[in-house]
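> Sending over a structure as structure tokens; questions will come in a sec.
Each value in this text was obtained by applying a stated rule to the coordinates, not by laboratory testing. Treat the numbers as computed from the prediction; the structure is a model and nothing was measured. Every residue, glycine as well, gets a Cβ built from its backbone with ideal geometry; the counts of neighbours run over all protein chains shown.
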Amino acid sequence: MSLPLGRPLPSRALPWQDLPQTKLPNGLGIRYVSRRDVPFLYPETVGPEGRVICMEPIPNAAAALQHNIQSHQHWCLKRGVHPGNVSALNVGAGNGQESSATFTCYPDAAGWSTMQPNDAEVQEGVASYLQNSLRTRAGLEGSLLVSLASLLQRLLPRWLTQRLFRWFAGRMLAKKQQVSCELTSISAVIRQQQLDRVHLMKIDVERAELDVLRGVEAQHWQMIDQVVAEVHDIDGSLEKFQQILRNAAFTSLRCSQDPALSGTTMFLVAASRAPL
């Protein structure tokens, strides 16, 4: 489970300094990479009864996440508000067989950082995301650069804009870095944190989705009520992912694709033991 609230930066800079900020309804400011992540997290982070355990393997992203958690707790304490039980683990979710892995990180495209790199697929995915997002302005901050790119997309031939987006995506990914990160499994976390119920397991691990599910031991599946995951459909992995959930007695499954990700291999899978 990876919550992309930060992106890797040089060690000389604080990981959260140049991230955009959004205001939540309670007045708390949250740093983010994708604005769409914040509404998803808000109900869980402010509730007095909920517990959120985040697993983030990339050190700089984990530091940004920890900073968000501490800022939230500080804001709550000043106002006498219950801060919620949120914790961050600087570790990746795997199948339980390996204790560490080398991750490929993209400082200018943190959401595509992965321990299973596929440069061609990532470049095509970033290019498609940029092209689709500029068309709808979904998930993009307003700026002169965004406005100019949107104008060029409307004026230039489609074949030329596609080439430009692929070139730009290649530039974004050119600064990739290799980082060694610790791995664990969902079952190991369930035992370590002494959990008796997981109401929602959210997965965003860039082509390692099957490994995460394989890290759930048979006796722990019945403790998990819902799963929401971004799944890359490569070599039939989307169907394999859903089949594991069916075998684990999830009776309601839904698969969809964000319009901004049209033309990519990325899909959203939601699974529940109750009707969706």
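> Using a 10 Å cut-off around each Cβ, can you sort Val86, Val269, Val212, Val81 from fewest to most neighbouring Cβ atoms? Each step should come with its number before you reach the end.
Details: Val86 22, Val269 19, Val212 25, Val81 15.
By the 10 Å Cβ count, ascending, the order reads Val81, Val269, Val86, Val212.
> How do Ser180, Ser262 line up, fewest other C-beta atoms within 10 Å first?
Working: Ser180 10, Ser262 13.
With the sparsest Cβ surroundings first, the list reads Ser180, Ser262.
> Which whole-number percent gives the relative contact order of the stretch 149-276, counting Cα pairs below 8 Å spaced six or more residues apart? Kindly include the intermediate steps, with their values, before the conclusion.
Values: 141 pairs, mean separation 25.8, N = 128.
In percent, rounded to a whole number, it is 20.
> Straight-line reach from Lys175: which aspartates and glutamates have Cα under 19 Å away, leaving out those fewer than 8 places along the same chain?
Here the aspartates and glutamates satisfying the reach criterion relative to Lys175 are Asp18, Asp108, Asp119, Glu121, Glu124, Glu206.
> Using Cβ counts within 10 Å as a stand-in for footprinting exposure, how do Trp75, Trp167 rank, fewest first?
Values: Trp75 16, Trp167 12.
The fewest-first ordering by Cβ neighbours comes to Trp167, Trp75.
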